[in-house]
Structure formats: structure tokens, C-alpha cells
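Colleague: I have a structure here, written as C-alpha cells, and I will follow up with some questions on it.
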Amino acid sequence: MRGTLTAITCPIRGSRRRTLFIDGEAWMTTSRDVLARLTLEPGDEHDLDDLLSTIAEAIPGACRARAIELLARRDYGTAELVRRLSDEGLPRDGCVRAVAALAVSGYVDDERRAASLARTLVEVRGYGRARALRAMIGRDIDPEAASRALDAVVSADEETERAAALARRLAPAARGSVDRLAARLVRRGFTPGLALRCSREALAPPGEGEDVGLLDP
């Protein structure tokens, strides 16, 4: 079957996705990274089976090249990188194969990515462990890998000390309200039990606070 390529459009401004129109009808969506490897111009007539084969041949190289381009900017985990590439219009199967090959070569390392992200969330953004864990899972980090990375960054004792220090710093704005202060700590990612204990200690009169060095049972 033959057809004429009538247009190549970008469905969303700023997206790398491209939609090809054959004889005025949307025919397929791919990535601009794939099309960059081809010489397609509106008005050209094509055998559609041959065009599909040509596009398919360009996919592996496009997936690998785009993955390396992204990795040059920052680290990614495997699932995170596959999702990013797929979102840009590259076929998921091709993305999975490309990322798997890069993982074998050491370009992608889930443990390294988890460790780096854990340090950023805890040490730079000041998140409590619970919020950091949620954020890491939201970035497609495996939950077990995320937990291991957080264990290496912040111990249970250190988490308690961080929560207590934050409670003392925020105490003046709480206007004596333990609930208000605890809610702020929970929003930062500390567990409700720890947030409540540290808030009570921070707002207690001198000599009447709890020993926040004790961990939650």
C-alpha cells in the first residue's frame, strides 16, 4: 500500500513526539529522535510497509543516543529512564532494550541512582525519611533499593535528631500549638509519632519535655 506523507506535526508544544500524517490522516506517532535519522519530507510518496521498516530500523540507535544524551545531564534509574524515553515518543520495547544494554555497560545503575537521590532529598531538601521514600518511589526507584539507600544516609537516631532540631526551629511560629507544629513536621516527611513527640518536647516548658532521643517503639 502506498501513501503520501502530508504532514509531520508536534502534538504538544515543546514535546519530542511527532505525528506523521499519510494522505491527510494521522498514521503514527514517534519521536523526533527517530525522524532525525531519516530523510522524510511532506509531499513524498512512500510504500507504507517499507516506511514502517525504515522507521523500525532507526529506533534502536535513536533510543540509545537519546538515553546517553539524558544521562550526560544527570543520573537515572532504569525504570525512570525507560519512562522518560517512552514519554518522548520512543517505543517502550526499544527503550527497555537500550536501557538494559546501558545498564550492562555501567551507564545506568539503580543502586547508584537511589543513593544519589536519597542524599539529595535528605541532606539538601531536608525531607524526613517517609517523604523521601515516597519521592523516590515516585521517581520509579524500587522501594527496597530506596529503603537501603535511605538507611545509608540517615539512621533512626539521626532521623530523631533531625526531627527534634526542626521542631525547635519551627516552634516559635507554632504559637504553642503542638498539633500545628507536628503537622508541619509530618509535611516534611517525619512519621506522625515522631513529629508529635518532638513537637511536645519543643513546646514544653524547660525541664518538662520528653527525651526525644528514645525511638518510636
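Colleague: Need a quick list: helices (runs of 4 or more DSSP H) entirely within the stretch 114-176 having at least 1 residues that are under 14 Å from Arg188 (Cα atoms) and among the polar types (S, T, N, Q).
Modeller: Correct list: 156-174.
Colleague: OK, next. Do we have Asp179 as in contact with a helix residue (DSSP H, G or I) (Cβ under 9 Å, 6 or more places away or on another chain) and not in a loop (DSSP other than H, G, I, E, B) here?
Modeller: Yes, satisfied.
Colleague: Hey, Leu121 hits all of (1) farther than 27 Å from Ser31 by Cβ; (2) at pLDDT below 95 but one; which does it fall short on?
Modeller: Unmet condition: (2).
Colleague: On to the next question. Quick check on my filter: what residues within the stretch 86-111 are out of contact with any Leu (no Cβ under 6 Å at 6 or more places or on another chain), assigned to a helix (DSSP H, G or I) and of a type outside the set (D, E, K, R)?
Modeller: Within the stretch 86-111, Ser86, Gly94, Val96, Ala98, Ala100, Ala101, Leu102, Ala103, Val104 meet the criteria.
Colleague: Would the stretch 104-115 turn up any residue that is within 30 Å of Ala202 (Cβ to Cβ), at pLDDT 95 or above and not hydrophobic (A, V, I, L, M, F, W, C)?
Modeller: Scanning the stretch 104-115, I find no residue that is within 30 Å of Ala202 (Cβ to Cβ), at pLDDT 95 or above and not hydrophobic (A, V, I, L, M, F, W, C), so the answer is no.
Colleague: Show the residue pairs that are 6+ apart or on different chains and have beta-carbon atoms under 7 Å apart, the first residue being within the stretch 195-213 and under 10 Å from Thr160 (Cβ atoms), the second being at pLDDT 95 or above and not charged (D, E, K, R).
Modeller: Cys198/Ala163; Cys198/Ala164; Cys198/Ala167; Cys198/Leu185; Val212/Thr160; Val212/Ala164; Val212/Cys198; Gly213/Thr160
Colleague: Being part of a strand (DSSP E or B) and under 24 Å from Asp93 (Cβ atoms) is the filter; apply it to the stretch 22-46 and report the residue that is nearest to the chain's Cα centre (by Cα).
Modeller: So the residue we want is Ser31.
Colleague: Does the stretch 72-84 contain at least one residue that is in contact with a helix residue (DSSP H, G or I) (Cβ under 7 Å, 6 or more places away or on another chain), surrounded by 17 or more Cβ atoms within 10 Å (Cβ to Cβ) and farther than 24 Å from Ile137 by Cβ?
Modeller: no
Colleague: May I pose another question? Taking the criterion of being touching a residue at least 40 places away in the same chain (Cβ under 8 Å) and either buried (at least 22 other Cβ atoms within 10 Å of the Cβ) or farther than 30 Å from Arg188 by Cβ (or both), would at least one residue in the stretch 93-106 satisfy it?
Modeller: Within the stretch 93-106, none of the residues are touching a residue at least 40 places away in the same chain (Cβ under 8 Å) and either buried (at least 22 other Cβ atoms within 10 Å of the Cβ) or farther than 30 Å from Arg188 by Cβ (or both).
Colleague: If you take the residues of the stretch 1-21 that are part of a strand (DSSP E or B) and of a type in the set (D, E, K, R), which of them is surrounded by the fewest Cβ atoms within 10 Å (Cβ to Cβ)?
Modeller: Per the criteria, the residue is Arg2.
Colleague: Let me ask something else. Being part of a helix (DSSP H, G or I), aliphatic (A, V, I, L, M), touching an Asp or Glu at 6+ places or on another chain (Cβ under 8 Å) and surrounded by 12 or more Cβ atoms within 10 Å (Cβ to Cβ) is true for just one of Ala65, Ala58. Which residue is that?
Modeller: Result: Ala65 is the single residue among Ala65, Ala58 that is part of a helix (DSSP H, G or I), aliphatic (A, V, I, L, M), touching an Asp or Glu at 6+ places or on another chain (Cβ under 8 Å) and surrounded by 12 or more Cβ atoms within 10 Å (Cβ to Cβ).
The values are calculated or read from the model by the stated rules, or taken from the named source; none is laboratory data. What you see is a predicted model, and the numbers here were worked out from it, not measured in a lab. Using ideal geometry, Cβ is built from the backbone for each residue, glycine included, and neighbour counts are taken over all protein chains shown.
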